[in-house]
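One structure is given here, and the rest of the page talks about it.
The values are calculated or read from the model by the stated rules, or taken from the named source; none is laboratory data. Quantities reported herein were computed from a predicted structural model and do not represent experimental measurements. Reconstructed Cβ throughout: ideal geometry from the backbone, glycine too, with neighbour counts over all protein chains shown.
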Amino acid sequence: MSTMRLDAGPAALLWLLFSLGEAQSLLAQPVTGPFSQEQAQRGAKSYAGACAQCHGTDLVGGVAPPLAGVAFLGKWGAMPINALWMAVRQMPPAAAGTLSSDTYLDLTAFLLERTGHAPGSALKVDSKALLELKVAPSPATTPRVTPPQEFIKGTGTPVPEGAGPTQNELNAADTSKKDWLYHTHGYSGTRYAASTEITPQNAGRLRAACAFQLGEQSNFQTGPLVYNGRMYVTGVRSTAAIDARDCNLLWKHEWTPKEKESWLNNRGAAIKDGYLIRGTSDGYLLALNMSSGEFIWARRVADSSIGEAFVMAPLIFEDRILIGPGGSENGISGWVGAFRLTDGQPDPLPGLEHPAGGAAHQRVHVHQRQRLVGRDQHSLAAAHDEQGRSKCESGVAVVDMPGHGGHGYGSNPERDCSGHD
Ligand code: HEC
């Protein structure tokens, strides 16, 4: 080699000088990244002023979707930077496009820095990087994504023994005029309370007694539960207990999503023995202490990465929670699973078949995609008529229960009901 270089004479020397110069300029200003360091720094300031109040100071945990982490990368990672820049320009929601063009580029730079992109030359409205690069940097530079946590143990005090409602109270919920113990009132799923105080004649004179705001950006789809004068309501991530007489807040719990969320709606919780159980939009079952709101446990039982999300209120019978995911619009196969009340462990119901492939919980009905519309889980009813035949309301699945009509588990777990509730 050294002989060759000597032989090459002045040409080789020139080449050497040129490559040294290039190396120096590379060190001084790397051209690897799609934005400049200054843009990212300005973006961080703009974010703190215009975005943090909704998206959280650290880009996660606010009322608005996370802008960093597994859930964010799951949704945006494979998209071109252009898509994220367009979403940023829609912000703040009520004032889209009111920030300067440079500020929107700065904010995009700041978000890209947080996904692990290295800074480089400034991002401009006509940068090739907008279309050519993805929101997540190349696999080699992608930060390691930790797998979702299957089980999270809370710090909440153990549920006091004997705390209601008991199974007997739940069995009698259909006839209660005082409490509303289950999403559809009772296991019959009629949503009918035999109240005599409100009649067709006086219903028009009902007036609002009080109002309560959960402080979430989504709409309320919850079916409130009432037990001993307390009302339990859910939003997408928040769960609250309020005084049913004056709407005073008793406690509130905020779930921080661990994964991508689908379907930002929630239809309610289920209560029994001091536990409040609900599902989350990122596929977790969540147990809270009914009296204090303390977090007891969470278990990931649905796969939000394929579009499964819990929007329905679960049903609790004896020591099991029954729930199924929504998301047929995402092309998922519906299922109903049974899980242990004390820790959310899958706890199959005898008589219900396991899905082919032996997933951890039962999929009691797996249909072809085209047959799925209207078959994701919006509510569960456990009902029998006098002959022990299951009745079907406008909810979707009907599950046979022992001791409620006196028939065994799962003689026919799903009825062919169509249509959403
Ligand atoms: C008043 C609350 C609020 C503020 C302030 C706000 N956002 Fe948002 N943002 C939302 C909500 C709600 C959504 C989800 C619904 C939507 O896309 O409109 C959202 C969605 C987004 C998304 C898409 C996220 C996704 O996963 O779909 C991005 C990116 C974003 N915001 C960035 C910003 C930036 C950057 C700012 C600061 C300029 C900002 N937002 C300010 C409430 C807010």
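Summary table
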read-out	value
Candidate set: region 105-131, residues that are among the hydrophobic types (A, V, I, L, M, F, W, C) and within 15 Å of the ligand (Cβ to nearest atom); chosen: the one surrounded by the fewest Cβ atoms within 10 Å (Cβ to Cβ)	Leu130
Matching residues, region 248-262, being farther than 14 Å from Ser292 by Cα, in contact with a strand residue (DSSP E or B) (Cβ under 8 Å, 6 or more places away or on another chain) and surrounded by fewer than 19 Cβ atoms within 10 Å (Cβ to Cβ)	Asn248
Residues that are touching a strand residue (DSSP E or B) at 6+ places or on another chain (Cβ under 7 Å), of a type in the set (S, T, N, Q) and not in a loop (DSSP other than H, G, I, E, B), drawn from region 280-313	Asn289
Those residues of region 62-87 which are more than 9 Å from the ligand (Cβ to nearest atom), surrounded by 15 or more Cβ atoms within 10 Å (Cβ to Cβ) and not in a helix (DSSP H, G or I), in sequence order	Ala68, Gly77, Pro80
Matching option when the condition is under 19 Å from Tyr182 (Cα atoms), modelled with pLDDT of 95 or more and either out of contact with any Ser or Thr (no Cβ under 8 Å at 6 or more places or on another chain) or not in a strand (DSSP E or B) (or both), among Ile316, Ile277	Ile277
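Yes or no, residue by residue, for (1) outside the structural domain of Gly268 (by TED's automatic domain parsing); (2) among the hydroxyl-bearing types (Ser, Thr, Tyr); (3) assigned to a loop (DSSP other than H, G, I, E, B):
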site: Val159; (1), (2), (3): no, no, yes
site: Gln201; (1), (2), (3): yes, no, yes
site: Ala240; (1), (2), (3): no, no, no
site: Cys247; (1), (2), (3): no, no, yes
site: Lys252; (1), (2), (3): no, no, no
site: Lys258; (1), (2), (3): no, no, yes
